[in-house]
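Okay, structure first, notes after.
The values are calculated or read from the model by the stated rules, or taken from the named source; none is laboratory data. Since this is a predicted model, take the numbers as computed values, not measurements. Using ideal geometry, Cβ is built from the backbone for each residue, glycine included, and neighbour counts are taken over all protein chains shown.
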Ligand code: ZN
């Protein structure tokens with residue numbers, strides 16, 4: 001096989017893999033949005049079958065032969081082909097770590113665990129989810145052991161979501177955050193809290209749906225390529241830059257919750273929509289890592305969406321859709337949207353206390369994977385960490401350990417990427433300010449210059465470069481969490497006058 005033949009075969013193979021992934025992704029999306037509750041039973045069978053086919057395709061000897069040919073000519077390959085080879089080799093190692101029967105069992109477990117998590121959360125009963133979580137942890141440990149026995153199992157989990165991350169780097173990052181965030185929270189706690197009654201006005205769901213449409217327009221999300229659905233837990237799913245889906249969850253008396261989830265997921269969607277279409281149907285399509293992904297979503301949610309300019313610009317629409325908001329000023333909304341206070345729910349946490357929610361999950365996961373705690377003890381441990389880190393008492397499992405869906409999908413190691421992403425975003429902001437009047441751009445309501453900056457430096461590359469390369473390319477200097485801490489302190493100074 002010549003190099004060109006191998007590349008052609010690789011294109012064919014990746015198109016087939018895309019088709020299977022596409023089908024499975026649509027099934028999952030349907031399961032989370034429109035499908036009836038019991039549909040998880042047939043869906044599990046179909047998903048199991050499709051995952052088995054995907055497994056066979058990827059691990060088949062003809063697929064391995066393609067990689068062998070490319071590997072033996074590695075010095076002749078262009079950068080994109082070399083990156084495809086490296087990503088596929090890493091993935092192949094993971095898939096071959098367990099026999100096919102076990103791989104299919106794992107895929108089916110994901111589906112069942114998701115369903116069990118929904119029921120457990122609904123009933124606020126951790127015992128329903130516990131046996132599934134135990135199996136998820138066992139599988140995670142098994143993969144870690146088989147794929148990379150030379151590193152600590154939790155390092156394997158971290159690297160899976162943020163290429164290159166390990167416990168040493170994560171802990172240095174978290175301790176830098178703790179040093180300035182803990183005293184900042186104390187200063188904020190001593191200051192007068194903003195009145196947040198505007199956040200609790202009754203905002204009919206039908207009107208909130210109209211608000212989502214406005215927000216998607218303001219973000220610049222093309223509706224012929226990006227759809228919105230409604231789910232328990234908001235998420236984004238993507239196939240190519242022609243088909244990206246976001247979801248939200250409406251609460252009649254908490255419009256900011258859905259508003260910021262639409263902006264957050266919209267940030268993920270913009271990234272996916274901005275990937276160069278030449279990477280579609282290959283393993284280079286899609287965002288590169290969860291840390292870079294969260295740096296987009298949290299940038300739009302917090303740095304853009306929670307800014308004074310964005311809220312001023314949106315204010316007339318908010319009043320039009322919900323006249324009761326007219327009793328308040330845009331400044332009232334700005335202050336309510338930026339109120340910082342230790343709380344129970346991560347996705348609704350303010351920017352300042354948010355990283356503490358992540359640190360709780362980091363400590364828990366580390367202990368889960370190291371085998372220092374058994375699954376029955378986890379709720380108690382969760383509650384103790386919330387008391388210690390955030391000073392809040394967890395009243396039930398629903399608002400405690402069952403609040404996030406990640407562990408039901410085996411997303412152990414994912415959470416630190418949220419905090420890292422937030423920190424990357426603050427450094428993008430500092431760099432953007434060197435090139436544009438950022439506040440004026442946001443206040444104008446036309447975010448095109450911001451999209452252009454992110455698109456050129458980050459989005460277009462998809463997964464064709466490592467996250468380190470992308471960060472260096474965007475920042476022009478090493479990552480420094482100091483920007484994030486400066487940003488948080490300045491924000492609190494503006495909101496609380498401290
Ligand atoms: Zn996100």
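Being more than 14 Å from the ligand (Cβ to nearest atom), surrounded by fewer than 19 Cβ atoms within 10 Å (Cβ to Cβ) and part of a loop (DSSP other than H, G, I, E, B) is the filter here; which residues of the range 228-248 pass it?
Passing the criteria: 232, 242.
Find all pairs meeting these conditions: Cβ atoms under 8 angstrom apart; at least six residues apart or on different chains; first residue within the range 277-299 and more than 14 Å from residue 239 (Cβ to Cβ) and at pLDDT 95 or above; second residue assigned to a loop (DSSP other than H, G, I, E, B) and within 11 Å of the ligand (Cβ to nearest atom).
Note: pairs meeting the criteria are 293/287; 296/287.
Can you work out which of the residues in the range 270-288 that are in a helix (DSSP H, G or I) and away from the ligand (no atom under 16 Å from the Cβ) is farthest from residue 88 (Cα to Cα)?
My answer is 277.
Which helices (runs of 4 or more DSSP H) sit wholly inside the range 289-345 and have at least 3 residues that are away from the ligand (no atom under 16 Å from the Cβ)?
308-321, 330-337
For residue 112, are the conditions met, namely being closer than 30 Å to residue 400 by Cα, under 23 Å from the mean Cα position of the chain (by Cα), at pLDDT 90 or above and surrounded by fewer than 18 Cβ atoms within 10 Å (Cβ to Cβ)?
yes
What residue, of 143, 129, is assigned to a helix (DSSP H, G or I) and within 29 Å of residue 467 (Cα to Cα)?
Testing whether each residue is assigned to a helix (DSSP H, G or I) and within 29 Å of residue 467 (Cα to Cα) leaves just 143.
With respect to residue 395, is the statement that it is modelled with pLDDT of 95 or more, surrounded by fewer than 18 Cβ atoms within 10 Å (Cβ to Cβ) and within 30 Å of residue 125 (Cα to Cα) true?
Answer is yes for this residue.
Looking at residue 215 and the list (1) within 16 Å of the ligand (Cβ to nearest atom); (2) without any contact (Cβ under 8 Å) to a residue 40 or more places away in the chain; (3) assigned to a helix (DSSP H, G or I), which single condition is not satisfied?
(2)
Since residue 149 meets every condition but one in (1) under 30 Å from residue 480 (Cα atoms); (2) over 23 Å from the mean Cα position of the chain (by Cα); (3) assigned to a loop (DSSP other than H, G, I, E, B), which condition does it not meet?
(1)
Evaluate the range 378-387: report whether one residue or more is more than 28 Å from residue 156 (Cα to Cα) and over 19 Å from the mean Cα position of the chain (by Cα).
Yes: one or more hits.
Scan the range 237-285 for residues that are more than 17 Å from residue 217 (Cα to Cα) and in contact with a strand residue (DSSP E or B) (Cβ under 6 Å, 6 or more places away or on another chain) and jot them down.
237, 238, 280 - these are the residues of the range 237-285 that are more than 17 Å from residue 217 (Cα to Cα) and in contact with a strand residue (DSSP E or B) (Cβ under 6 Å, 6 or more places away or on another chain).
Looking at the range 119-130, which of its residues are within 16 Å of residue 377 (Cα to Cα), without any contact (Cβ under 8 Å) to a residue 40 or more places away in the chain and surrounded by fewer than 18 Cβ atoms within 10 Å (Cβ to Cβ)?
127
Just to be sure before I move on: is residue 413 within 16 Å of the ligand (Cβ to nearest atom) and in a helix (DSSP H, G or I) in the structure I sent?
For residue 413, the condition - within 16 Å of the ligand (Cβ to nearest atom) and in a helix (DSSP H, G or I) - is not met.
Please verify whether the range 344-353 includes one or more residues that are over 30 Å from residue 442 (Cα atoms) and modelled with pLDDT under 95.
No, the range 344-353 contains no residue that is over 30 Å from residue 442 (Cα atoms) and modelled with pLDDT under 95.
State yes or no: is residue 174 assigned to a helix (DSSP H, G or I) and modelled with pLDDT under 95?
no
How about the range 429-464: which of its residues are within 16 Å of the ligand (Cβ to nearest atom) and assigned to a helix (DSSP H, G or I)?
454, 459
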